[in-house]
Amino acid sequence: MHRLRTTVVRLWPLTAVQMAQSLSKPVPLAVKQGLRTSQPARHLNTPLASEPFLNGTSSNYVEEMYYTWLENPKSVHKSWDVFFRNASAGAPPGAAYQGPPHLSRTSERLSSAQALVGTQPSVEKLVEDHLAVHSLIRAYQVNCNHTENVLSLIIVELGFFFFHFSFWKKIFYFIVYTAGIYGLAESDLDKVFRLPTTTFIGGNESALPLREIIYRLERAYCQHIGVEFMFINDMEQCQWIRQKFETPGVMQCTLEEKRTLLARMIQSTRFEEFLQRKWSSEKRFGLEGCESLIPALKTIIDKSSQSGVESVIMGMPHRGRLNVLANVIRKELEQIFCQFDSKLEAADEGSGDVKYHLGMYHRRMNRVSDKYMTLSLVANPSHLEAVDPVVQGKTKAEQFYCGDTEGKRVMSILLHGDAAFAGQGIVYETFHLSDLPSYTTHGTIHVVVNNQIGFTTDPRVARSSPYPTDVARVVNAPIFHVNADNPEAVMYVCKVAAEWRNTFHKDVVVDLVCYRRNGHNEIDEPMFTQPLMYKRIKKQKGVLQKFVEKLIDEGVVTTQEYEEEVASYDKICEEAYTRSKDEKILHIKHWLDSPWPGFFTLEGQPRSMTCPSTGISEQALSHIGNIAASVPVQDFAIHGGLSRILKGRANMVSQRLCDWALGEYMAFGSLLKEGIHVRLSGQDVERGTFSHRHHVLHDQNTDKRMCIPMNYISPDQAPYTVCNSSLSEYAVLGFELGFAMASPNALVLWEAQFGDFHNTAQCIIDQFISSGQAKWVRQNGIVLLLPHGMEGMGPEHSSARPERFLQMCNDDPDVFPKLSEDFAMHQLYDCNWIVVNCSTPANYFHVLRRQILLPFRKPLIVLTPKSLLRHPEVKSSFDDMLPGTHFRRLIPDNGHTATNPEKVKRLIFCTGKIYYELTRERKNRGMDEAIAVVRIEQLSPFPFDLVKEEADHYPNADLVWCQEEHKNHGYYDYVKPRISTTIGHTRPICRHSLTSSVNLSKTNTKRKALSANP
């Protein structure tokens, strides 16, 4: 989409680097598989100016010839061989060149200087012409990636200047010959030029006439495929791509491939036409205008399966999802058609979701490779590209669990729209995870369905970059643009993309340049905003029709064979439609994208509704504590400050105590010992934002030497993964969510650097974590650790915004639930997520272990402390963590008030660290018998039963909720109606918290909470 003047400038040959600069430093030559990896050494004992043709224009060519001569002296002309031998032997200035031997003895006796003078013009012209040809080849490789043949449609209204191919050729020939930029003339067309090693257009030939060079370059780069790769800073990778696209005849399809491609095009096209006939007024986000997407995906999967890939995880937006489900994943057609029946009721719990958001998991035989493959399409919300990191996380997890350390067995495919690919920042964040050690999936194939328009927005106002795919350049991913109206070109590009991923295990982008025949969806009117574009689209012949006509002309198929294939697929659709009429209910579970075989019953229910004790033995506590206080690697020098921390841990273990960091260590270590993988991710989690964790030790004397003591707990333990993430919340939280989707038998945690940093990951929290089970019947046990506390760090680093999480809880504040023996377990099973604010290390230990020991999975939101990490009172005894102990949803006041409840005048409910401030103030004021302070540790689901017990235990007490957050923040709006419901609205609920007044201190707030008057 470059304008003409930009293209002309870019085709101008690059200024050659002066020979003196490139040859002045001696560097050893390394040749590997015919590719030079460093500069050769040259020692000149004469001024460079003495060689007449070594100038800024010709130096690149001479240097290339010199490289070739070094590798094989016989591969260059005899005159060059003599020249380089003389120069290396120290020939004086101007005497290195020797002309070919003459028949006359007199000529032989001519001085070398006279011979050189006579041949200077021809040699110099030869060098300059070869240099011009090299520059011409490079110009094609760099710039010829978006001619009109790549475009399936010219968008007249956009104001972009696209070259018509014939016009492009005229302009190009004008540049080359008339303007003389390259110093070539029309008379040079039939001259033979030696080809550089940076092109493969010659095939088995090392030299070609200029006319043939241009023809082959146009065949490679100016047809229906445009390649962007010259920005890649790896010579081997660039050569690989050149070979794939420049080798003569490399893009030819076999007869069998063409017939297979036709069958897939029929399936893709007729499926959309069938849906349009049956449900013409339904939104389905069809694939019309990009029907070649289906054979594109199937080609990638086929080629990957042949390379050993066993599982493919996919993510995609709305457009074409039903077609992908039907013809790629192979979802039963009747199940898809049922989604169009609004009268059917869901058989499963939850709200369900629209049909073009649903996912699927399927294992089937791949007919090309004759191998079984698992295909998974991850469900996603309307938020475009939000599913990208989720897919990557799920892919990483499956690679981890099957020991696929190189990505040879599990891979991901991400589909994108052009507007979202350029506009959504999560694309950039996800790309930047692609090569990080704990996040890489060893290469993702990105397929962009390039509609050349957003919803109604033209590219000229939707992005600043020339192409929507330019974001991929940041990770050196090659970009293959292809005209989606040419299925054969699409198939070849997808083959190359799959081979690239299998060879280099790096990302690659396939840009399917297409259009939307029906606008944004089937009931949208695109003529309102793009009238000229859609007038042209209406005249555009369908891709299947054009492809069939081509194959019939080539004799690949007959008209009768084509019609029989169409009738066969239409019959399949009609039969499935008939079967769909027999369905009475919708089964949302049939659309599950991440099943957990063996975890639930066959009906998808928990195998029990009980949770065993989350305590562990004293021996295990001591052993894990000693590991946490030690350096299990010999000759490992740790920081002096860390030595003091480890000694402090050892001292606590000897006293049978643990602080917050040690309590977490106990939870992780015990789960690892039981075979449960633990993965902790986030910004600075290895050390901990507040320097309390120190799960990764660094040798102070050896760079990059590290030790993770948690991996030395037991010989047969599960591995522990702790990894500092990139400075991203959106992508990293999405990644960890996807990781947790893959298996229920892992504790996956994401910790925010500060609690409020989840702001930039809110889309993942809202659309996946809080509502994922309701929409997609998909449970997930991810844990969010959010540091929270108003401690003078300013508005941003104080609150984790607990009110947001509590607002999204699904329990009813106005209904007191029916109590039963297993009430707490049923509460957990029915909730959409769990929100806790623990005040003791023991309770934190228990809630983490409970997350795995529950017979089902729910997201866990933990509001973690900051000042309590080192608070002298915030220590737990081993007695609170032994077998038989559990997580305490509510911790009652066990002081003087418990023995004389009638004397208590005020019952204060609170949560988190303010408990310690309240008890200290109560003690200072001598009110231990008049004030009871109760901690609600589990805020959601709300402990109605335990709160009722406490309220009944203090019948004469006023009820107060105390928090340090402002009234419209924190927990007040959540807990007040639930406490009122618990006590039957018989007593008022007072509130005390910080207000917006800058003059009201925390001390005043605590005094008001403790005051005898409400």
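The values are calculated or read from the model by the stated rules, or taken from the named source; none is laboratory data. None of the values given here were measured: they were computed from a predicted structure. Don't worry about glycine lacking a Cβ; one is built from the backbone with ideal geometry, like all the others, and counts go over all protein chains shown. For accessibility, only protein heavy atoms count, side chains too; no ligands or nucleic acids. Shrake-Rupley method; radii C 1.70, N 1.55, O 1.52, S 1.80 Å.
Taking the stated definitions as given, is Val390 β-branched (Val, Ile, Thr) and at pLDDT below 95? Criteria not met by Val390. Does Val566 fit the bill of being assigned to a helix (DSSP H, G or I), of a type in the set (Val, Ile, Thr) and either more than 37 Å from the chain's Cα centre (by Cα) or more than 20 Å from Phe455 (Cβ to Cβ) (or both)? When the stated conditions are applied, Val566 passes them.
Gly738 - would you say it is closer than 17 Å to Thr440 by Cα, in contact (Cβ under 8 Å) with a residue 12 or more places away in the chain, surrounded by 24 or more Cβ atoms within 10 Å (Cβ to Cβ) and touching a helix residue (DSSP H, G or I) at 6+ places or on another chain (Cβ under 9 Å)? Yes; evaluated as a whole, the condition is true for this residue. Somewhere in the range 793-802, is a residue of a type in the set (Gly, Ala, Ser), touching a strand residue (DSSP E or B) at 6+ places or on another chain (Cβ under 8 Å) and crowded, with 21+ Cβ neighbours inside 10 Å? Yes, the range 793-802 has at least one match.
Restricting the search to the range 569-599, which residues are in a loop (DSSP other than H, G, I, E, B), within 29 Å of the chain's Cα centre (by Cα) and of a type outside the set (Gly, Ala, Ser)? Hits for the range 569-599 are Leu592, Asp593, Pro595, Trp596, Pro597, Phe599.
Out of the residues in the range 875-884 that are touching a helix residue (DSSP H, G or I) at 6+ places or on another chain (Cβ under 7 Å) and assigned to a loop (DSSP other than H, G, I, E, B), state the one that is farthest from Arg935 (Cα to Cα). Checking each candidate, the answer is Leu882. Mind checking which residues of the range 466-494 are over 21 Å from the mean Cα position of the chain (by Cα) and in a loop (DSSP other than H, G, I, E, B)? Within the range 466-494, Pro466, Ala484, Asp485, Asn486 meet the criteria.
For the range 725-737, check the following and say yes or no: at least one residue is at pLDDT 95 or above, under 21 Å from Arg870 (Cβ atoms) and hydrophobic (A, V, I, L, M, F, W, C). No: the range 725-737 contains no residue that is at pLDDT 95 or above, under 21 Å from Arg870 (Cβ atoms) and hydrophobic (A, V, I, L, M, F, W, C). Report every pair of residues separated by at least 6 positions or lying on different chains whose Cβ atoms are under 9 Å apart, first residue within the range 587-609 and open to solvent by 80 Å² or more (accessible area, probe 1.4 Å), second hydroxyl-bearing (Ser, Thr, Tyr) and assigned to a loop (DSSP other than H, G, I, E, B). So the pair list comes out as Arg607/Thr601. Inspect all residues belonging to the range 566-584 and state whether any of them is over 29 Å from Arg270 (Cα atoms), among the aliphatic types (A, V, I, L, M) and at pLDDT below 95. The answer is no; no qualifying residue exists. Within the range 946-992, the set of residues being among the charged types (D, E, K, R) and open to solvent by 30 Å² or more (accessible area, probe 1.4 Å) comprises Lys948, Glu949, Asp952, Asp958, Lys967, Asp973, Lys976, Arg987, Arg991. For first residues located in the range 445-467 and within 22 Å of Trp500 (Cβ to Cβ), partners that are among the aromatic types (Phe, Trp, Tyr) and lie 6+ apart or on another chain with Cβ distances below 6 Å form the pairs Val448/Phe421. Flag: His623 does not match the condition of being touching a Lys or Arg at 6+ places or on another chain (Cβ under 9 Å), surrounded by 15 or more Cβ atoms within 10 Å (Cβ to Cβ) and either within 26 Å of Tyr361 (Cβ to Cβ) or of a type in the set (S, T, N, Q) (or both). How about the range 550-563: which of its residues are of a type in the set (A, V, I, L, M, F, W, C) and in a helix (DSSP H, G or I)? Those that are of a type in the set (A, V, I, L, M, F, W, C) and in a helix (DSSP H, G or I): Leu551, Ile552. Of the residues contained in the range 118-125, none is found to be open to solvent by 20 Å² or more (accessible area, probe 1.4 Å), more than 30 Å from Val493 (Cβ to Cβ), part of a loop (DSSP other than H, G, I, E, B) and at pLDDT below 60. Counting residues in the range 902-919 that are over 22 Å from Ser867 (Cβ atoms) and in a strand (DSSP E or B) gives one or more.
All conditions in (1) in contact with a Ser or Thr (Cβ under 9 Å, 6 or more places away or on another chain); (2) surrounded by 19 or more Cβ atoms within 10 Å (Cβ to Cβ) hold for Met808, with the sole exception of (2). As a summary of the residue check, Pro487 satisfies the conditions (1) in contact with a helix residue (DSSP H, G or I) (Cβ under 8 Å, 6 or more places away or on another chain); (2) open to solvent by 10 Å² or more (accessible area, probe 1.4 Å) except for the one numbered (2).
Does Arg211 meet the test of being under 23 Å from Val493 (Cα atoms) and of a type outside the set (Val, Ile, Thr)? The answer is no for Arg211. For the range 823-873, taking the residues that are in contact (Cβ under 8 Å) with a residue 40 or more places away in the chain, open to solvent by 20 Å² or more (accessible area, probe 1.4 Å) and within 23 Å of Met790 (Cβ to Cβ), the one that is farthest from the chain's Cα centre (by Cα) is identified as Glu873.
Examine the range 305-321 for a residue that is more than 22 Å from the chain's Cα centre (by Cα) and without any contact (Cβ under 8 Å) to a residue 60 or more places away in the chain, and state whether such a residue exists. Checking the range 305-321: not a single residue is more than 22 Å from the chain's Cα centre (by Cα) and without any contact (Cβ under 8 Å) to a residue 60 or more places away in the chain.
Residues that are open to solvent by 10 Å² or more (accessible area, probe 1.4 Å) and either among the hydrophobic types (A, V, I, L, M, F, W, C) or over 21 Å from His788 (Cβ atoms) (or both) within the range 747-767 comprise Phe754, Phe757, Cys763, Gln767, listed in sequence order. When residues in the range 506-548 are screened for being touching a Lys or Arg at 6+ places or on another chain (Cβ under 7 Å) and open to solvent by 60 Å² or more (accessible area, probe 1.4 Å), 1 of them pass. For the range 367-391, the candidate set comprises residues that are of a type in the set (S, T, N, Q) and crowded, with 18+ Cβ neighbours inside 10 Å; within that set, the residue that is nearest to Phe735 (Cα to Cα) is Asn380. Only a single item in (1) more than 30 Å from Thr444 (Cβ to Cβ); (2) open to solvent by 60 Å² or more (accessible area, probe 1.4 Å); (3) modelled with pLDDT of 90 or more is not met by Thr503, and it is number (1).
Per the listing Gln243, Gln252, the residue uniquely closer than 27 Å to Ala220 by Cβ, open to solvent by 10 Å² or more (accessible area, probe 1.4 Å), in a loop (DSSP other than H, G, I, E, B) and polar (S, T, N, Q) is Gln252.
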